[in-house]
Amino acid sequence: MKPKYTIAVTGLNNTDNPGPGVPVIRALREAKEFDVRIIGLAYENLEPGIYMENTADKVYQIPYPSTGSDELMQRIEYINSKEDIDVLIPNFDAELFTFMMSERKLKEMGIQTFLPTIKQFEERHKSELPEYGKKYGLDIPFSKAITNLSDINNIQYEFEYPVLVKGKFYDAYLAYNPAQVTEFFNKISVKWGVPVIIQQFIRGTEVNVVALGDGKGNTIGVVPMRKQYITDKGKAWGGITLGDENLIKITKNLIEKTKWRGGMELEIIKTHTDKYYIIEINPRIPAWVYLAVGAGQNIPEALVKLALGEKPEAFKSYDIGKMFIRYSYDLIGDISQFEKLSLTGEL
Amino acid sequence: MKLKKNIAVSETGFLFDPNSGESFSLNETGKKILQFLKEEKSENQISEWFVKNYEVDQATFENNFNDFITVLQNFRITE
């Protein structure tokens, strides 16, 4: 008989800028070695995953980490008193730091996580990437973090246009001149704060990798993919698994050198001369993770096993040429569901 | 001229490059050329076969063949 775990998952925003929550839940429901009861943790009361069938067994609203980690932990403590959570999988960049800092507190509550260490999380920040590249011997485009508009005039001495202008968590725009950099700096800093990162633009094809490190230098899962269709926010709306061995080597090398712990997504540019530049390292499972599951690597299942102190075997292969295509779908709900969630914070 | 070893071509002429994720549709002629390249036939052998089986002279075929090879090289389907 399979054990049954209660797993709390955030990121139920299955919108055109999707969080990984729903695909993670789908993966966990297909786990071979355990059954699950899923507790959805939602920040907003219109996150689609709240209302989707066969997704969360129970949903609780939680406060944004920006309101303070004490408030968030109190809420988790309350939810845990009702649900007895075994594992928590946070899926938003912006909440990871709070959950990492609260790892011990969560453990005391009996809740396991499997997240990168603070050091791993901090040193791969977009603003720190060039240093990261030097430290671990990785090809990374030159970039510079800027904090105010006066820095924009100086970047012309260090960069050739076009350049990428990026927010510290999300958003990236290609700018061809200082006026555009100014425009994007304002747009990004209002939304995500500073620093804003200016990154050398590398011409080539963007490819992505989802991977899972066991924290000891071993790669448990790795699947590369190329986006075939993107939304106007640059998010994958369709993708296909690749058989490029170099991407797997780069990922395994990074995980080995950094002893990466947890899920990760690498964003890589492959140039026409077959050079590979890492442009971003996201310290969490990406929203397209279900493609990896479809290709034969149930990475969320392996992550749960790691969180519970088990030693899952590394996946040996995956299917090349597996595709995913997202779609939108109108769910019909009732005002009473919305009412219940809004008034009680539970559904 | 050698095709990359993991290039897949289906019976319907659908070509998939697993390295890049790109896919292409080939017409009958393209499909035949890819089949010959997979079998590592020489340019002369390929040319002879086409001149024998199609209404085309050698010079015209070779011009078109070279154009097609350039396209394959541009898409990095050959080694």
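So which residues in the range B:19-38 are outside any helix (DSSP H, G or I) and either buried (at least 18 other Cβ atoms within 10 Å of the Cβ) or in contact with a His (Cβ under 8 Å, 6 or more places away or on another chain) (or both), if there are any at all? Across the range B:19-38, the qualifying residues are B:Asn19, B:Ser20, B:Gly21, B:Leu26. The residue that is farthest from A:Glu301 (Cα to Cα), among those in the range A:91-116 that are touching a Gly at 6+ places or on another chain (Cβ under 9 Å) and modelled with pLDDT of 95 or more, is A:Pro116. For A:Leu247, are the conditions met, namely being over 23 Å from A:Glu122 (Cα atoms), modelled with pLDDT of 95 or more and crowded, with 16+ Cβ neighbours inside 10 Å? Criteria met by A:Leu247.
Restricting the range B:9-38 to residues that are aromatic (Phe, Trp, Tyr) and over 8 Å from the mean Cα position of the chain (by Cα) leaves a set whose member that is farthest from the other protein chains (Cβ to nearest Cβ) is B:Phe24. Among the residues of the range A:183-210, how many are in contact (Cβ under 8 Å) with a residue 60 or more places away in the chain and not hydroxyl-bearing (Ser, Thr, Tyr)? Counting residues in the range A:183-210 that are in contact (Cβ under 8 Å) with a residue 60 or more places away in the chain and not hydroxyl-bearing (Ser, Thr, Tyr) gives 11. Residue-level analysis places A:Leu72 outside the set of residues that are assigned to a helix (DSSP H, G or I), at pLDDT below 95, buried (at least 18 other Cβ atoms within 10 Å of the Cβ) and touching a strand residue (DSSP E or B) at 6+ places or on another chain (Cβ under 9 Å).
For beta carbons closer than 6 Å, sequence separation of 6+ or different chains, a first residue in the range A:154-182 that is in a loop (DSSP other than H, G, I, E, B) and a second that is small (Gly, Ala, Ser) and modelled with pLDDT under 90, the qualifying pairs are A:Phe169/A:Ala94. Considered as a group, the residues in the range A:137-153 that are assigned to a loop (DSSP other than H, G, I, E, B) and within 27 Å of the chain's Cα centre (by Cα) include one that is farthest from A:Lys257 (Cα to Cα), and that residue is A:Thr147. Condition check for A:Ile188 on (1) within 21 Å of the chain's Cα centre (by Cα); (2) within 14 Å of chain B (Cβ to nearest Cβ): one failure, at (2).
Select, from A:Pro283, A:Pro195, the only residue that is more than 22 Å from B:Gly21 (Cα to Cα), in the same structural domain as A:Thr147 (by TED's automatic domain parsing) and surrounded by fewer than 23 Cβ atoms within 10 Å (Cβ to Cβ). Residue meeting the stated conditions: A:Pro195. Consider the range A:100-126 and keep the residues that are touching a strand residue (DSSP E or B) at 6+ places or on another chain (Cβ under 9 Å) and part of a loop (DSSP other than H, G, I, E, B). The one that is farthest from A:Pro65 (Cα to Cα) is A:Arg124. The residues listed here are A:Leu88, A:Leu129; of these, the one that is at pLDDT 95 or above and either assigned to a helix (DSSP H, G or I) or in the same structural domain as A:Ile39 (by TED's automatic domain parsing) (or both) is A:Leu88. Restricting the range A:228-276 to residues that are in a strand (DSSP E or B) and hydrophobic (A, V, I, L, M, F, W, C), the residue that is farthest from the other protein chains (Cβ to nearest Cβ) is A:Met264.
Taking the numbered list (1) within 14 Å of another protein chain (Cβ to nearest Cβ); (2) free of Cβ contacts under 8 Å to residues at least 60 places away in the same chain in turn, B:Lys4 passes all entries but (2).
Contact annotation: residue pairs with Cβ atoms under 8 Å, 6 or more positions apart or on different chains, pairing a residue in the range B:21-45 that is touching a residue at least 40 places away in the same chain (Cβ under 8 Å) and of a type in the set (D, E, K, R) with a partner that is surrounded by 17 or more Cβ atoms within 10 Å (Cβ to Cβ) and outside any helix (DSSP H, G or I), are B:Glu22/B:Phe16.
Taken over the range A:206-227, the residue count meeting the criterion of being polar (S, T, N, Q), farther than 22 Å from A:Pro18 by Cα and in a strand (DSSP E or B) is 1.
Count of the range A:1-58 residues, restricted to those that are closer than 20 Å to A:Asn80 by Cα, among the hydroxyl-bearing types (Ser, Thr, Tyr) and within 17 Å of the chain's Cα centre (by Cα), is 2. Filtering the range A:49-61 to residues that are in contact (Cβ under 8 Å) with a residue 12 or more places away in the chain, outside any strand (DSSP E or B) and surrounded by fewer than 20 Cβ atoms within 10 Å (Cβ to Cβ) leaves A:Met52, A:Asn54, A:Asp57.
When A:Ile279, A:Ile332, A:Ile269 are checked against the criterion of being at pLDDT below 95, touching a Pro at 6+ places or on another chain (Cβ under 8 Å) and farther than 24 Å from A:Lys119 by Cβ, a single residue qualifies: A:Ile269.
The values are calculated or read from the model by the stated rules, or taken from the named source; none is laboratory data. Source: prediction; values computed, not measured. A quick note on method: Cβ atoms are made from the backbone with ideal geometry, for glycine too, and the neighbour counts reach across all protein chains shown.
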